[in-house]
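Worksheet: one structure, shown below.
The values are calculated or read from the model by the stated rules, or taken from the named source; none is laboratory data. Everything quoted here is computed from the prediction, not taken from an experiment. For neighbour counting, all protein chains shown are included, and Cβ atoms are generated from backbone atoms with ideal geometry for every residue, glycine included. Heads up: the accessible areas ignore ligands, DNA and RNA and are worked out on the full protein's heavy atoms, side chains in. Shrake-Rupley method; radii C 1.70, N 1.55, O 1.52, S 1.80 Å.
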Amino acid sequence: MKKHVIGLAFLLIASITNYAQDTIPHVEGSISISIKKGTIECDLTLSNMPRLSEYYLRLNSGMNIRYIKIGEPFNTQLKYENSLHDTLSSGESTAYFIPQPGNSEKKYLPNTIRMNYVGMYPVFSDTSCIQDWRGNIAFNGTTLRADGLQSAWCPIVYDIKTDTRYDQVTYDLDITCPDCKVIYMNGSEPVSGTHAKVRSNNPQDLTLFAGDYEYATANGSYFLNLDATDEQLTMLGTTLQSYQDYLEEKTGISYKGKP
């Protein structure tokens, strides 16, 4: 049974037990993916940003920024710089910040910014490679897996003073993937086809899974890219439900959505 199925249990735990954020950023825009070429192109607007004077914008190190803009209709391009002092990014992401206009020694974080960037990644068909880790944006020729907590495929605001990651966001996204059969974004239902419009008003980490694969539902849970019998699927659905019931009872927090 593929490891992606078991991974949903960890998404369930993270969704119920995540820490509280004082601000919930909103992400909207378009994403274009090629599974076979290993490319991701994003044109995203981040709004409702926290009011921070000491921060970094963490973005996956494989992404190349075209521009960061503000204003309406986003016609003012901003300068940005990267920093080598964000030791918590573990190498997967690069830390960026926007210098304050007129005072380059201070950081400036607008309430709303538009970021346009593109990433190109190697496509490894051998998925048994020991170098595959959680924060890796993984293309294997048929699927893309991008974790929403560590890979930072979408910019994540990091508060230096309080050691807080603003990785729980609401979203309204338009995703195109010509060589996909199913597109899944955490917090939304899987979408069959090459185009998906997904949105969530409940804060989520942006875990993305797309490509040529099948999905199924059992006991209210989604299973992606599964290799399981009906009996195994029922067992897994029951197991995930037991995790959900246990965590809801112990934390007093109800789970919103489907695992």
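Structure summary
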quantity: Extended-chain gain in nm, criterion 0.36 nm per residue less alpha-carbon gap, T239 and S30; calculated: 71.7 nm
quantity: Rounded percent of accessible protein surface that carbon and sulfur make up, the chain, 1.4 Å probe; calculated: 49
quantity: Student exercise, segment 147-224 dipole from Lys, Arg, Asp, Glu Cβ charges, in Debye to nearest 20; calculated: 140
quantity: FRET efficiency, D132 to R51 (Cβ-Cβ, R0 41 Å, nearest 0.05); calculated: 0.65
quantity: Options Q168, I98, Q244, ranked by Cα towards positive dipole end of the chain, top entry (Cβ charges); calculated: I98
quantity: Spatially near lysine pairs across the chain, Cα under 15 Å, sequence gap of 8 or more or different chains; calculated: 7
quantity: Spacing of the two label points (7 Å from each Cα toward its C-beta) at T39 and T217, in nm; calculated: 3.5
quantity: Nearest-ten-degree value, helix 230-251 long axis tilted from longest Cα axis of the chain; calculated: 50
quantity: FRET efficiency estimate (nearest 0.05) - Cβ-Cβ, E105 to H195, R0 41 angstrom; calculated: 0.35
quantity: Shape call, segment 152-249: gyration tensor on alpha carbons, a/c limit 1.5; calculated: oblate
quantity: For the chain, size of Cβ-based charge dipole, Lys and Arg +1, Asp and Glu -1, in debye; calculated: 560
quantity: Globularity index of the chain, i.e. its alpha-carbon radius of gyration over 2.2 N^0.38 Å; calculated: 1.03
quantity: Rel. contact order, % - alpha carbon contacts under 8 angstrom, at least six apart, the chain; calculated: 23
quantity: Theoretical gain in end-to-end length, F124 to N64 [0.36 nm per residue, Cα-Cα removed]; calculated: 19.5 nm
quantity: Acute angle (nearest 10 degrees) that the helix 3-17 long axis makes with the longest principal axis of the chain, alpha-carbon atoms; calculated: 60
quantity: Rounded, prolate or oblate (a/c below 1.5 giving rounded, otherwise prolate when a/b exceeds b/c) for segment 176-223 by Cα gyration tensor; calculated: oblate
quantity: Segment 80-207, accessible area per residue, ligands and nucleic acids excluded (1.4 Å, Å²); calculated: 48
quantity: Contour excess over end-to-end distance, with Cα ends at N82 and E249 and 0.36 nm allotted per residue; calculated: 55.8 nm
quantity: Cα shape, segment 24-92, gyration tensor, a/c 1.5 rule; calculated: oblate
